[in-house]
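Heads up, the thing below is written out as structure tokens.
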Amino acid sequence: MMNKKELFQKFSLENEAVIPFSLHFNWWNEVVQNNWDVAVVSNDNQVFAVWPYFIRKKGIWNLITQPHFTPYSGIYIRYPEGQKVDTKIAFEKKLIEELITQLPDFSEWKQNFHLEFKNSLPLIWNGFEDQKRFTYILPLTESIESIFLNFRDNIKKQIRKAEKFLIINEAEDSKKLKQAFESSFEAQNLNSPIDDSMIFQRIYEYIKKHQLGKVWNVMDQEGNLHAAMCLVWDQHQAYYLIGGAMKEFKNSGAMSLLMWHAIQNAKTKQKNKFNFEGSSIEAIEKYLRGFGGELTPFTCIYKSNSSSLQLAKKIKKHSI
């Protein structure tokens, strides 16, 4: 009899053409690696639904949250063909309720669901909240010239300026990506939120092994690093996963040049959409908005089971 992770692996292989990259078993097994599990609904090794989740220990509390650089997770359901609308909704309700029974004890649950997930009602009826979040999705159906024309004027100027003196190279490892990512936080007098230093290399090795992405560095003619980016894709979309600019070159236009390069790459690979991985930080949101993407909501499921954790959060908030 297959265990849940084996069933998840089987489900991923059977649905490889449709599931988002960050809901694939291989991503969780090779990139997330530790502190994760999965709820599965199956019958005779036929899998109908999966729900991978990541467990982060914080003091006495067990937090279910997003793993670093895993933009979406949540529930993925395989539907029988030819279902009527009301049958489909009832099917979702039954599977989601079964998945909920398998969840571990937790202090807090906060998880971004993939964009295809639409029915959060069964979760709401079981005490979860649906806290909508937003990303920008750029359709890639128009010509590349039309896409560029829809960029905000200052971004077009940054790209044209940067093209004159910067060079984009495909990275041979993740070192410069990590360096640029951390430098972008230093420029804001902030510490990097990533406490797993090897995850950059695991992502690099994963996308290279499975041919699901690229890492690029932007250098000047003197060999100085200006910025770096990681682009990941699945069958239908490309995702801006990681990026950063060196603080001393943050105004060189390197990030805009990289974004433009990534969009062209996604278009060449015949992806339907480019997902900018929207940000709740106002300045970043404004920047990403300038590339002409459509504001797109997605589900963020939240539930708290710990009054002590909520109290600790309030104390911390008022002490700042």
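The values are calculated or read from the model by the stated rules, or taken from the named source; none is laboratory data. Please read these numbers as outputs of a predicted model, since none were measured by experiment. Using ideal geometry, Cβ is built from the backbone for each residue, glycine included, and neighbour counts are taken over all protein chains shown.
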| request: Report, by residue number, each residue of region 43-72 that is more than 18 Å from the chain's Cα centre (by Cα) and surrounded by fewer than 17 Cβ atoms within 10 Å (Cβ to Cβ). | output: Asn43, Asp44, Asn45, Gln46, Lys57, Lys58, Gly59, Ile60, Trp61
| said: Go through region 278-299 and report how many residues are assigned to a strand (DSSP E or B) and surrounded by fewer than 19 Cβ atoms within 10 Å (Cβ to Cβ). | reply: 4
| Residues in region 118-128: is at least one buried (at least 18 other Cβ atoms within 10 Å of the Cβ) and over 30 Å from Tyr240 (Cβ atoms)? | yes
| Failed condition for Ile194, given (1) among the aliphatic types (A, V, I, L, M); (2) under 29 Å from Gln235 (Cβ atoms); (3) at pLDDT 95 or above, with all others met? | (3)
| Scope region 133-177; condition part of a loop (DSSP other than H, G, I, E, B), over 17 Å from Ser256 (Cα atoms) and in contact with a Phe, Trp or Tyr (Cβ under 7 Å, 6 or more places away or on another chain); matching residues | Leu140, Ala171, Asp173, Ser174
| note | In the set Asn126, Asn191, Asn119, the lone residue that is in a loop (DSSP other than H, G, I, E, B), under 30 Å from Phe91 (Cα atoms) and under 24 Å from the mean Cα position of the chain (by Cα) is Asn119
| note | Ser304: passes all of (1) buried (at least 19 other Cβ atoms within 10 Å of the Cβ); (2) of a type in the set (Gly, Ala, Ser); (3) assigned by TED's automatic domain parsing to the domain that holds Trp125 but (1)
| Going by the structure shown, is Glu108 surrounded by fewer than 19 Cβ atoms within 10 Å (Cβ to Cβ), in the same structural domain as Phe91 (by TED's automatic domain parsing) and within 23 Å of the chain's Cα centre (by Cα)? | no
| remark: Restricting attention to region 234-255, the residues that are assigned to a loop (DSSP other than H, G, I, E, B) and either under 19 Å from the mean Cα position of the chain (by Cα) or of a type in the set (D, E, K, R) (or both) number exactly 4
| Just for region 256-272: of the residues that are surrounded by fewer than 19 Cβ atoms within 10 Å (Cβ to Cβ) and under 19 Å from the mean Cα position of the chain (by Cα), which one is nearest to Gly244 (Cα to Cα)? | Asn265
| query | For region 196-241, how many residues meet the condition of being out of contact with any Lys or Arg (no Cβ under 7 Å at 6 or more places or on another chain), crowded, with 24+ Cβ neighbours inside 10 Å and closer than 12 Å to Asn169 by Cβ? | reply | 5
| Would you call Gln102 under 22 Å from the mean Cα position of the chain (by Cα), closer than 26 Å to His68 by Cα and either exposed (fewer than 15 other Cβ atoms within 10 Å of the Cβ) or of a type in the set (S, T, N, Q) (or both)? | no
| field | In region 277-308, the residues that are at pLDDT below 95 and within 18 Å of Phe69 (Cα to Cα) | value | Glu277, Gly278, Ser279, Ser280, Ile281, Ile284, Glu285, Leu288
| said: Name the residue that is nearest to Gln221 (Cα to Cα), counting only residues in region 149-178 that are among the polar types (S, T, N, Q) and surrounded by fewer than 16 Cβ atoms within 10 Å (Cβ to Cβ). | reply: Asn169
| request: Test Gly253 against the criterion of being on the phi > 0 side of the Ramachandran plot and crowded, with 19+ Cβ neighbours inside 10 Å, and give yes or no. | output: yes
